[in-house]
1. Given (1) 16.6, 49; (2) 18.7, 68; (3) 19.1, 64 as candidate values of Rg and Dmax of the Cα atoms in Å, which corresponds to the one derived from the coordinates?
2. With a cap of 12 neighbouring Cβ atoms within 10 Å, and only residues DSSP puts in a loop, list the GluC sites (Glu not before Pro) found in the stretch 59-104.
3. Quick check on the chain: helices-only [θ] at 222 nm, where DSSP H runs of length 4 and up contribute -39,500 (n - 2.57) each and the sum goes over total residues. Nearest 500, please.
4. Assuming 0.36 nm per residue, please report the length gained on full extension of the stretch Gln81 to Glu153 beyond their Cα-Cα distance.
5. Post the alpha-carbon centroid distance, the stretch 117-189 to the stretch 70-90, in whole angstrom.
6. Expressed as a fraction of 2.2 N^0.38 Å, the rule-of-thumb size for a compact globular protein of N residues, what is the C-alpha radius of gyration of the stretch 1-80?
7. With each label point set 7 Å from Cα along the Cα-Cβ vector, what nm distance links Asp174 and Arg62?
8. Under the Karplus relation 6.51 cos²θ - 1.76 cosθ + 1.60, θ = phi - 60°, what is the ordered set of whole-Hz ³J(HN,Hα) values for the stretch 80-97, x standing for Gly and Pro?
Amino acid sequence: MAQRLDRERIVRRALDLLDEVGLDGLTLRRLASDLGVQAAALYWHVPSKAALLDEMATTMLRDLIVEADEELAALEGEPWQDCVRLSAVRFRAALLARRDGARVFSGTYLADERLAGWIDLPLSILVGAGFTVPEATRSWGTLLAFVQGFAVEEQAMPAGAGGDVEERFDFGVDVIVRGLESRLAVLSA
């Protein structure tokens, strides 16, 4: 008996196929063939490749949230800088967990509005440290943009060509943290 085709099955198989063939090799036609259906059958569930990428990024984020929220909650009472650093490390790991994962995330939109709250905990930590809500939001966006851009470049590098990637990443995160510390000092003055 054939498995029922639904959005979750399509997205999970698309993520597996992404690992196998990369983003450039992932097409709706190839995905449909892999699932044993005609391409038109996919359009009932995902109307375009862009919509599929939105769903894939949303699933990647959902998987990240399950792990990261517990880790961030465990940092309650610790310096906010630790939250920023952990968030950067976890987001990067989630992007790198999939072949071309950072590219999948680039330019996509959450397909599940309930996930918009994933930034609530980090924002509350930053606001608790003294940032205003707009400053905390911009700070968080800056961190995510750095991590995503870094991961895109990291995944595009030939194996072994990046030098000490970890050191460069840590340096970039540290620059952001130091900048936020300076910004917080101005806000507190």
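What follows is calculated from the coordinates using simple rules that are stated; it is not laboratory data. Treat the numbers as computed from the prediction; the structure is a model and nothing was measured. FYI the Cβ positions are ideal-geometry reconstructions off the backbone, even for glycines, and counts take in every protein chain you see.
1. Recomputing Rg and Dmax of the Cα atoms in Å here gives the entry labelled (2).
2. Here the GluC sites (Glu not before Pro) that fit, given the DSSP loop and packing criteria, are Glu76.
3. -24000 deg cm²/dmol
4. Details: separation 72, 0.36 × 72 = 25.92 nm, distance 2.46 nm.
Roughly 23.5 nm would be gained on extension.
5. 12
6. In units of the 2.2 N^0.38 Å rule of thumb, it is 1.40.
7. About 3.8 nm, to one decimal.
8. Rounded to whole hertz, the list is 4, 4, 5, 5, 4, 5, 4, 4, 5, 5, 5, 5, 4, 4, 5, 5, 7, 5.
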